[in-house]
1. Mind checking the per residue accessible area of the stretch 10-63 for me, 1.4 Å probe, whole number of Å²?
2. Working with all protein chains in place, sort Tyr8, Tyr31 by solvent-accessible area computed with a 1.4 Å probe, largest first.
3. Using Cα springs under 10 Å in a Gaussian network model of the chain, which residue among Gly12, Gly24, Gly43 shows the largest mean-square fluctuation?
4. Once the other residues with Cβ under 13 Å from the Cβ of Asn41 are scored (Lys, Arg +1; Asp, Glu -1), what is the net sum?
5. With a sphere of radius 11 Å drawn around the Cβ of Glu62, what net charge do the other residues whose Cβ falls strictly inside it have (Lys, Arg +1; Asp, Glu -1)?
6. Taking Kirkwood radius over Cα pairs in Å as the quantity of interest, determine which of (1) 12.7; (2) 11.5; (3) 14.0 was computed from the displayed structure.
7. Expected output is a single nm value to one decimal: the length gained when fully extending between Met32 and Phe53, i.e. 0.36 nm times separation in residues minus the C-alpha distance. What is it?
8. DSSP loop GluC sites (Glu not before Pro) in the chain with at most 16 other Cβ atoms within 10 Å of their Cβ, which ones?
Amino acid sequence: MKKKSLKYILAGAAVLFIIFLAVGGYNYSSYMSAKIDCLQNEGTITEENIDFFAFNWTVNCER
């Protein structure tokens, strides 16, 4: 019985880790998209800040 519960805990942890990586990848993609949009619209990036694993980021763009 204990081995089955350990397997479920490990499987759950693996699923949560994969979700964590997917969300981080999506956030980083959004960050890069904001930077590219700024540069394509002839803007200048005045400030950019990206925190751990791209969960919190900012890009300030001025023309």
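1. Details: 4070 Å² over 54 residues.
Per-residue accessible area for the stretch 10-63 comes out at 75 Å².
2. Numbers: Tyr8 170, Tyr31 15 Å².
Result of the area sort, largest leading: Tyr8, Tyr31.
3. Sorting by GNM fluctuation, first place goes to Gly12.
4. On the way: positive: Lys35, Arg63; negative: Asp37, Glu42, Glu62.
With Lys, Arg at +1 and Asp, Glu at -1, the neighbours total -1.
5. Working: positive: Arg63; negative: Glu42, Glu47.
Net charge in that neighbourhood comes out at -1.
6. Here Kirkwood radius over Cα pairs in Å agrees with entry (3).
7. On the way: separation 21, 0.36 × 21 = 7.56 nm, distance 1.32 nm.
The Met32-Phe53 span can extend by a further 6.2 nm.
8. On the way: sites: Glu42, Glu47, Glu48, Glu62; in loops: Glu42.
Those that pass, being in a loop and sparsely packed, are Glu42.
The values are calculated or read from the model by the stated rules, or taken from the named source; none is laboratory data. The model shown is predicted, which means the values in this text are computed figures rather than measured ones. Methodologically, a virtual Cβ is constructed for each residue, glycine included, from the backbone with ideal geometry; neighbour enumeration extends over all protein chains shown. Side chains included, ligands, DNA and RNA excluded: accessible areas come from the protein's heavy atoms. Shrake-Rupley method; radii C 1.70, N 1.55, O 1.52, S 1.80 Å.
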